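The structure appears right after this line, and notes come after that.
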Amino acid sequence: MVLSIAIRTGIVGLTRRTLAVQVPCLNEEATLAQPIKRIPRTIAGIAGIEVIVVDDGSADGSVQIARPAGAVVVELPRHRGLARAFCTGVQAALQRGADILVNVDADLSLRR
């Protein structure tokens, strides 16, 4: 699973931050539920955790898998590419008040 982390800078005095885990996806119906379920829902020192799936114009049932698994879904109207999906996820996380952002892989292709 690919993992990248960003922390909002300039935040002083916060002891409990909020975490957004974004999962960009394109036609990942077969594997999407697995990484969503692997994301912990509580972490010591983190006030709240939210999973954000950015659907990059999927033609399968990715969105129908993500919502019942507990993710907030942001849908791009058509395929725009991983970079656009990533940027859209960053914007969504910031709009939702995330202090920390983690990006994970939707298709589990880079397992270790």
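Within the range 36-69, the set of residues being within 18 Å of Ala98 (Cβ to Cβ) and either in contact with an Asp or Glu (Cβ under 9 Å, 6 or more places away or on another chain) or of a type in the set (A, V, I, L, M) (or both) comprises Ile36, Ile39, Ile43, Ala44, Ile46, Ala47, Ile49, Val51, Ile52, Val53, Val54, Ala66. In the condition set (1) surrounded by fewer than 15 Cβ atoms within 10 Å (Cβ to Cβ); (2) at positive phi; (3) at pLDDT 95 or above; (4) not polar (S, T, N, Q), Arg78 is compliant with all but (2). Scanning the range 92-112 for residues that are out of contact with any Phe, Trp or Tyr (no Cβ under 9 Å at 6 or more places or on another chain), crowded, with 18+ Cβ neighbours inside 10 Å and either of a type in the set (Lys, Arg) or not in a loop (DSSP other than H, G, I, E, B) (or both) returns Ala92, Ala93, Ile100, Leu101, Val102, Val104. Being part of a loop (DSSP other than H, G, I, E, B) and either within 11 Å of Leu26 (Cβ to Cβ) or touching a residue at least 40 places away in the same chain (Cβ under 8 Å) (or both) is a property that does not hold for Gly89.
Scanning the range 48-71 for residues that are of a type in the set (A, V, I, L, M) and at pLDDT below 95 returns a single hit, Ala69. Of the candidates Ser62, Ser58, the single residue that is over 14 Å from the mean Cα position of the chain (by Cα) and surrounded by 15 or more Cβ atoms within 10 Å (Cβ to Cβ) is Ser58. Within the option set Arg16, Arg38, being of a type in the set (Lys, Arg), under 17 Å from Ala71 (Cβ atoms) and either modelled with pLDDT of 95 or more or surrounded by fewer than 13 Cβ atoms within 10 Å (Cβ to Cβ) (or both) holds for one residue only, Arg38.
The values are calculated or read from the model by the stated rules, or taken from the named source; none is laboratory data. Just so you know, these numbers come straight off a predicted model, no measurement behind them. No Cβ is skipped: glycine too gets one built from the backbone with ideal geometry, and neighbour counts run over all protein chains shown.
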